[in-house]
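The values are calculated or read from the model by the stated rules, or taken from the named source; none is laboratory data. Given the structure is predicted, the values throughout are model-derived calculations rather than measurements. FYI the Cβ positions are ideal-geometry reconstructions off the backbone, even for glycines, and counts take in every protein chain you see.
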Amino acid sequence: NEKIKIGIIGYGNLGRGAELAVQNNLDMELVGIFTRRDPATIKTATHHVKVYPYHDIESFKGKIDVMVLCGGSASDLPKMSPEVVEHFPIVDSYDNHAKIPEHYERVNEAALKGGNTAIISTGWDPGLFSLNRLLGEIVIPKGGTHTFWGEGLSQGHSEAVRRIKGVKHAVQYTVPIESVLADARRGKGENLSAAERHKRVCYVVADEKEHKRIEKEIKTMPDYFAPYDTTVHFIDEATFFNEHQKMKHGGFVIRSGKTSPNHQQTVEFSLTLESNPEFTASVLVAYARAAHRLQKKGEIGAKTPFDVPFALMTNKTTAQLMKEL
Ligand SMILES: NC(=O)C1=CN([C@@H]2O[C@H](COP(=O)(O)OP(=O)(O)OC[C@H]3O[C@@H](n4cnc5c(N)ncnc54)[C@H](OP(=O)(O)O)[C@@H]3O)[C@@H](O)[C@H]2O)C=CC1
Ligand SMILES: N[C@@H](C[C@H]1CC(C(=O)O)=NO1)C(=O)O
């Protein structure tokens, strides 16, 4: 069978992860990487793939089946996803939960106009954690749900900080509050918000004269930081490159409740990630397979992970899956 032809748009942590993820899927081939920077300055993780300017994407119509969008959610994807889906099926990892409904609308409008399929907000949260929160509610209708992330590096929050004027380098670590975590394990505190469950800690490289403004912009940033207890540390470039290059992360979703007065039932899904971007990219690429199939079935418009059965994300046949039930 012909391989699924993939394009990657945006070459940061996630884009590099997607380049590796395509290699792990033998039914796919990477046709090209597209960047808004000068392609000659981009050092790719693998050697044979070519890098093109973002504005050349239309010349690849018919040569690429799905575009995997790896831009930042804070400011790239709101513009890029609708722009690209007019010409190609896409998957993205849009993760500003507060604004997913409006992202869905703008992508859906452009996808219908272009006659293409889009699967938005894939990844792990939003994404696999969303699916497991829903599964928990379905199978334990009377209960409580708890989501915890980290301690680890959030790419969405780190990228949002990097976009602040004057920030040269930045990372953001998400830290679960131990006492709340302990309570959750005992089924307490299900109505707490994410901001009541986590603290956020940023490490930023910037000129001293910019520190006060940058700290304020981080702490007041809507959706990403404003509701949270946030700490900002300013460090020098050497410390940044020596101590903040790992992108570990993880977390878990717990659903717990009673099916009868004497029986407490608990569902738990957890992730332990050595590389947040490589794992997230692996999820995006699996959804790219589904987007390609949905496109071929003429199921155009915007979808979320809730709309996509796992059977569409695997290259196993129904007969194979039947044997593995
Ligand atoms: N749903 C989920 O579970 C998850 C979602 N995500 C999402 O992935 C998004 C991307 O994260 P991440 O890849 O870490 O972000 P990066 O900051 O590494 O990259 C974002 C974009 O910035 C540009 N860029 C990258 N490096 C540089 C540079 N050195 N100089 C200038 N521009 C650069 C690239 O575009 P270009 O090549 O065009 O210049 C790239 O696409 C996050 O915003 C987050 O929302 C991440 C993890 C999980
Ligand atoms: N979208 C997150 C994936 C998880 C991690 C996270 C957080 O630490 O706040 N929220 O969701 C990311 O960009 O890494």
First in the range 104-128 and within 23 Å of Lys61 (Cα to Cα), second anywhere and away from ligand 2 (no atom under 16 Å from the Cβ) and of a type in the set (S, T, N, Q), Cβ under 6 Å, 6 or more apart: Thr117/Gln295
Leu271, sole failed condition from (1) assigned to a helix (DSSP H, G or I); (2) under 15 Å from the mean Cα position of the chain (by Cα): (1)
Qualifying residue in the range 238-255 (condition: touching a helix residue (DSSP H, G or I) at 6+ places or on another chain (Cβ under 8 Å) and away from ligand 1 (no atom under 13 Å from the Cβ)): yes
Among residues of the range 43-100, those that are at pLDDT below 95 and either in a strand (DSSP E or B) or hydroxyl-bearing (Ser, Thr, Tyr) (or both), counted: 1
Only listed residue being part of a strand (DSSP E or B) and surrounded by fewer than 18 Cβ atoms within 10 Å (Cβ to Cβ), chosen from Lys199, Lys165, Lys188, Lys209: Lys199
Residue that is nearest to Ala18 (Cα to Cα), among those in the range 256-301 that are of a type in the set (Asp, Glu) and more than 16 Å from ligand 1 (Cβ to nearest atom): Glu299
Unmet criterion (only one of (1) surrounded by fewer than 18 Cβ atoms within 10 Å (Cβ to Cβ); (2) of a type in the set (S, T, N, Q); (3) closer than 28 Å to Thr314 by Cα) for Ser73: (1)
Residue in the range 136-155 that is farther than 18 Å from Tyr228 by Cβ, within 20 Å of the chain's Cα centre (by Cα) and modelled with pLDDT of 95 or more present: no
Residue pairs meeting the criteria (Cβ under 6 Å; at least 6 apart or on separate chains; first in contact (Cβ under 8 Å) with a residue 24 or more places away in the chain and within 21 Å of Gly156 (Cα to Cα), in the range 206-226; second surrounded by 11 or more Cβ atoms within 10 Å (Cβ to Cβ) and among the aromatic types (Phe, Trp, Tyr)): Ile218/Phe225
Residue that is of a type outside the set (D, E, K, R) and either touching a residue at least 40 places away in the same chain (Cβ under 8 Å) or in contact with a His (Cβ under 7 Å, 6 or more places away or on another chain) (or both), where the choices are Phe252, Phe310: Phe252
Subset of the range 285-309 [over 16 Å from Val68 (Cα atoms), within 19 Å of the chain's Cα centre (by Cα) and surrounded by 12 or more Cβ atoms within 10 Å (Cβ to Cβ)]: Asp307, Val308
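Every residue, every condition in (1) buried (at least 20 other Cβ atoms within 10 Å of the Cβ); (2) hydrophobic (A, V, I, L, M, F, W, C); (3) within 28 Å of Phe252 (Cα to Cα), yes or no:
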residue: Leu77; (1), (2), (3): yes, yes, yes
residue: Tyr94; (1), (2), (3): yes, no, yes
residue: Thr117; (1), (2), (3): yes, no, no
residue: Gly123; (1), (2), (3): yes, no, yes
Hits in the range 240-261 (condition: surrounded by 14 or more Cβ atoms within 10 Å (Cβ to Cβ) and either more than 13 Å from Val161 (Cβ to Cβ) or at pLDDT below 95 (or both)): Met247, Lys248, His249, Gly250, Gly251, Phe252, Val253, Ile254, Arg255, Ser256, Gly257
